[in-house]
Every structure is written in structure tokens, then in C-alpha cells.
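The values are calculated or read from the model by the stated rules, or taken from the named source; none is laboratory data. Source: prediction; values computed, not measured. Methodologically, a virtual Cβ is constructed for each residue, glycine included, from the backbone with ideal geometry; neighbour enumeration extends over all protein chains shown.
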């Protein structure tokens, strides 16, 4: 599954870098989509990992939530990124997490010679 180009330059989350808020915003975005079966199954597994991290209360929950967010959810969002886009923090605007044109990934921080 791949999102269409209408999602290019669209944030999924803004103005936060807190794990819980990022996870909520990403989950809210993903459940709003018409996902194919394979992607929906991946999302369900991610939701189960978040639930386990929240309800097990074994002292590792924050690290587990962060790992699930960064390794599983962000990978899923990267996999469904529109063609020519990457999923992640906007290089020039930290706090804006979304789908950005690949051309800005490394160009933003280049200095003229």
C-alpha cells in the first residue's frame, strides 16, 4: 500500500516530540485511512505492543513505547509514504512529523561553498 500524492507535505503530528502524543497522533492518522489487509494487520500488531507497554507496568513501558513508535510505527508510515516522499521530522521544522518530499531530506542543511 502506498498513499497518494495528496499526502505529500502533510503533517501527521505537529508541535510535540513526546512519545505518547506522537503515538496517539500517528495511530489516529493510520486508523483514519482505508488500509489494505496487510497494513491493517501490521497496525493491529503495533497497537497490541503499545497496549502491552501501557498495561504491563513493569518499569520498561516508556522504553517499550519509544521502541515501538520508532521501529514499528515509523517503519509502517515510511512504507506507505507517497511516491517520492519520506516519513519523518521535517528537516527545517522539528516538531512537524509527516510525509515530505525526498529532495528536502538532505538539502536543507547544506551550506553554499
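Any idea which residue in the range 22-73 is nearest to residue 4 (Cα to Cα), counting only those that are under 16 Å from the mean Cα position of the chain (by Cα), without any contact (Cβ under 8 Å) to a residue 12 or more places away in the chain and surrounded by fewer than 14 Cβ atoms within 10 Å (Cβ to Cβ)?
Filtering first and then ranking leaves 32.
So which of 94, 82 is at pLDDT 85 or above, more than 12 Å from the chain's Cα centre (by Cα) and either closer than 25 Å to residue 31 by Cβ or surrounded by fewer than 16 Cβ atoms within 10 Å (Cβ to Cβ) (or both)?
82
Would you pick out the residues in the range 7-21 that are part of a helix (DSSP H, G or I) and either in contact (Cβ under 8 Å) with a residue 24 or more places away in the chain or in contact with a helix residue (DSSP H, G or I) (Cβ under 9 Å, 6 or more places away or on another chain) (or both)?
7, 19, 20
Does residue 89 satisfy the condition of being assigned to a helix (DSSP H, G or I) and without any contact (Cβ under 8 Å) to a residue 60 or more places away in the chain?
no
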